[in-house]
Amino acid sequence: MTGDTPAALADRPRTDHAPVDTRIQQGTPAFRRTALALFLAGFSTFGLLYTVQPLLPEFSRHFGVSAAGSAMSLSLTTGTLAVAMLLAGLLSDAVGRRPLMIVALLASATLSLCTALVDDWATLLVLRTLLGLALSGVPAVAMTYLVEEMDSRALGLAMGLYIGGNAIGGMSGRLLAGIIADHWGWRWGIGVVSIIAIASTVLLWLQLPPSRHFQASRSGLRQLPARWRTLFADPGLPWLFATSFVLMGVFVTLYNYLGYHLLAPPYHLSQTVVGLIFSVYLVGTFSSAWMGQQATRHGRGRILAISFGLIAAGIVLLAMPWLPAMAVGIALVTFGFFGGHSVASSWVGSRAGSMRAEASALYLFAYYLGSSVLGGVGGLAYAAWDWLGVCAFAALLTLIGGGIVWALQQRAPQPVTA
């Protein structure tokens, strides 16, 4: 017995403090800074990636290249991005999330600005290829940073804001480049988007809090092949990777060459109006969330099949020679694409279990590879058979996509953990 009274004991300094939760809480200044920084990072990343898409006809005119050749300015970027994203996450395991994102975005913005200054097509393609390599450091790492640093109750909102930045950036980059190019030329279109990205990099550096839960690791590369083999042994995941390849291929092909079609007779639309077509991306921001809810209610396989059906209906309307029908058609294609992408990507996460990061990387690899390869092949269809050839090629891909969904439902109808 020490003889201490309860009051005396209460006055003593405590030595058994409960651990302090250092993760970022929703509603705090740190949350607002992080959400703003990564929203701008996503905005700039996808703005830089897709800024050339509405400019493809301008490239054909200025550099004297075909539609398929012009599309290489996007295909080379997305193809390089697809491969680089498989390794960018491992690089961030060694050097850290925040430093890699800052360097990657600054390098990307600088390379994009350089493309606005060159007057040689081969040089422009080299710069766009390097841009794909640099860009991989943001999307491959940003989500990992959020998972590591955010409180679980704040993660959903923070992730939604980041993904919203991706979608709005992809749309805004296309819109700005197209409208500015119509008034001051394609160089200014790319230049303005690049300057916005440089400003976003400065804000990312100033606002994004340092990592507090990052642990460096250099062993991931040796384990990667074995983990990939495990994922490809799953009865459903390879079909989902194929789904992303086809989905993105159809989507990019139609958007790549629709501008050529609408700038030509009998429509003769302006570059501004063609650029405004990308505002239909707003349909996708609703579609991805709503179709995801329907997948929970009615089953992922069924909603994924409906997504391909909507795309098919949209292609039929796009093949018609009436602008109102084409407007509805591109909206249906966009709705179906974003809905299908939302369902397929969430299905990958539910099947992959503890290997969710590797599975997501492979899904995105197939996604951007589809953009690169099929988007380029679509240009050959345009050269051979004009816009109807593009629609026929996209319809064939959509039919293949429907077959993949059927096979997926037959082989792996229910989500299981790999």
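The values are calculated or read from the model by the stated rules, or taken from the named source; none is laboratory data. Bear in mind the structure is a predicted one, so any value in this text is a computation, not a measurement. A quick note on method: Cβ atoms are made from the backbone with ideal geometry, for glycine too, and the neighbour counts reach across all protein chains shown. SASA here: full protein model, heavy atoms, side chains in, ligands and nucleic acids out. Shrake-Rupley method; radii C 1.70, N 1.55, O 1.52, S 1.80 Å.
Considering only the stretch 243-274, state which residues are among the aromatic types (Phe, Trp, Tyr) and farther than 13 Å from Pro57 by Cβ.
Phe245, Phe251
Here is a check on your reading of the model: is Ala109 at pLDDT below 95 and crowded, with 23+ Cβ neighbours inside 10 Å?
no
For the stretch 286-301, enumerate the residues that are more than 20 Å from Ile404 (Cα to Cα) and among the charged types (D, E, K, R).
Arg297
Tally the residues that are touching a Gly at 6+ places or on another chain (Cβ under 8 Å) and open to solvent by 10 Å² or more (accessible area, probe 1.4 Å), restricting the search to the stretch 138-163.
4
Looking at (1) modelled with pLDDT of 85 or more; (2) under 27 Å from Trp186 (Cβ atoms); (3) not in a loop (DSSP other than H, G, I, E, B), which is the one condition that is false for Arg229?
(2)
Against the definition (more than 19 Å from Ala361 (Cα to Cα) and either in contact (Cβ under 8 Å) with a residue 40 or more places away in the chain or among the hydrophobic types (A, V, I, L, M, F, W, C) (or both)), how does Thr110 come out, yes or no?
Criteria met by Thr110.
Tally time: how many residues in the stretch 186-230 are free of Cβ contacts under 8 Å to residues at least 12 places away in the same chain and open to solvent by less than 50 Å² (accessible area, probe 1.4 Å)?
2
If Val192 meets every condition in (1) modelled with pLDDT of 85 or more; (2) closer than 22 Å to Leu146 by Cβ apart from one, which number is that one?
(2)
For the stretch 306-332, which residues satisfy the criterion of being over 14 Å from Val280 (Cα atoms), open to solvent by 50 Å² or more (accessible area, probe 1.4 Å) and part of a helix (DSSP H, G or I)?
Ile306, Val316, Leu323, listed by residue number.
For the stretch 272-294, which residues satisfy the criterion of being polar (S, T, N, Q) and in contact with a Leu (Cβ under 7 Å, 6 or more places away or on another chain)?
Answer for the stretch 272-294, where residues must be polar (S, T, N, Q) and in contact with a Leu (Cβ under 7 Å, 6 or more places away or on another chain): just Ser279.
Can you find a residue in the stretch 394-404 that is of a type in the set (S, T, N, Q), open to solvent by 20 Å² or more (accessible area, probe 1.4 Å), more than 14 Å from Trp239 (Cβ to Cβ) and touching a residue at least 40 places away in the same chain (Cβ under 8 Å)?
No, the stretch 394-404 contains no residue that is of a type in the set (S, T, N, Q), open to solvent by 20 Å² or more (accessible area, probe 1.4 Å), more than 14 Å from Trp239 (Cβ to Cβ) and touching a residue at least 40 places away in the same chain (Cβ under 8 Å).
Which number in (1) over 20 Å from the mean Cα position of the chain (by Cα); (2) small (Gly, Ala, Ser); (3) surrounded by 15 or more Cβ atoms within 10 Å (Cβ to Cβ) marks the one condition that Gly284 misses?
(1)
Pick out, from the stretch 18-105, the helices (runs of 4 or more DSSP H) lying fully within it that include 3 or more residues that are of a type outside the set (Ser, Thr, Tyr) and under 18 Å from the mean Cα position of the chain (by Cα).
Counting at least 3 such residues, we get 29-50, 67-95.
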